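S.K.: I have a structure I would like to understand better, so I am pasting it below and will then ask my questions one at a time.
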Amino acid sequence: MSDTKQQHFLTLYEPVHERFERFCKARVYGNMDYRDLINESLLVAYDKLESLRSEEAFLSFLIGISVRILSNNHQKKKEERWSSATEKNKQDFAIGVSDPDVHFLYQGLSHLKEEQRECLILFEISGFSIKEIAEMQNASESAIKQRLKRGRDKLTEILTFESSHKTGKAI
């Protein structure tokens with residue numbers, strides 16, 4: 001039975017691996033190593049595989065698990081702040097951020113409200129439709145569109161501010 005379950009799990013996971021990895025990389029910026037999130041999510045998903053309602057929803061199943069893990073991790077480390085630039089540089093190296101634009105994008109995303117950040121990552125980076133995101137976030141499609149719009153506006157504001165400070169130009 002274990003080999004059968006393991007094979008079934010791998011069959012479900014292989015086609016969604018890249019999208020799930022992109023989601024995790026973008027979503028964890030500033031909180032934990034994305035590989036840890038992937039590993040923890042896969043362990044929970046394997047244990048709870050029987051509760052999967054539809055094989056087509058496997059990626060949503062994984063993302064839901066990863067969001068809960070991040071939320072739990074955030075609760076545990078609510079008081080903790082990154083205190084030194086050295087620690088931040090180590091984290092950037094760990095997630096493979098080398099392009100300054102990507103660094104600023106992830107940093108900007110980390111300043112958004114959680115729902116907006118998650119929504120933007122699911123739509124823009126992971127390629128989910130508005131309808132799929134609405135199901136994952138248990139919200140209406142119009143609420144998702146609003147989160148996307150507000151998230152994009154805020155991200156533009158953040159990145160414009162970062163860019164002007166970096167170059168010394170006024171906004």
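Only the coordinates and a few stated rules stand behind these numbers; no lab work does. Because the structure is predicted, anything quoted here is derived from the model rather than measured. A quick note on method: Cβ atoms are made from the backbone with ideal geometry, for glycine too, and the neighbour counts reach across all protein chains shown.
S.K.: Between His103 and Gln146, what's the calculated FRET efficiency when r is the beta-carbon distance and R0 is 25 Å? Round to 0.05.
M.R.: With a Förster radius of 25 Å, E is 0.35.
S.K.: Additional query: I need the phi-derived Karplus couplings for the range 132-140: 6.51 cos²θ - 1.76 cosθ + 1.60, θ = phi - 60°, integer Hz, Gly and Pro marked x.
M.R.: 5, 5, 4, 5, 5, 8, 6, 9, 7
S.K.: Exceeding 29 Å between C-alpha atoms, which entries from my cross-link table qualify? They are Lys25/Lys131; Lys25/Lys154; Lys25/Lys113; Lys5/Lys25.
M.R.: The answer is none of them.
S.K.: I would also like to ask the following. Can you check what the net charge comes to around Ala57, using other residues whose Cβ is under 11 Å from the Cβ of Ala57 (Lys, Arg +1; Asp, Glu -1)?
M.R.: Once positives and negatives cancel, what remains is -3.
S.K.: What full-extension length gain, to one decimal in nm, is calculated for Glu124 and His8 as 0.36 nm per residue of separation minus the Cα-Cα distance?
M.R.: Result for the pair: 38.8 nm of gain on full extension.
S.K.: Grab the other residues whose beta carbon is less than 10 angstrom from that of Gln116, score K and R as +1, D and E as -1, and report the net.
M.R.: Summing Lys and Arg as +1 and Asp and Glu as -1 gives +3.
S.K.: Here's something else I'd like to know. Per residue of the range 145-156, in order, report the coupling 6.51 cos²θ - 1.76 cosθ + 1.60 (Karplus, θ = phi - 60°) as ³J(HN,Hα) in whole Hz, putting x for Gly and Pro.
M.R.: 4, 5, 4, 4, 4, 5, x, 5, 4, 5, 5, 4
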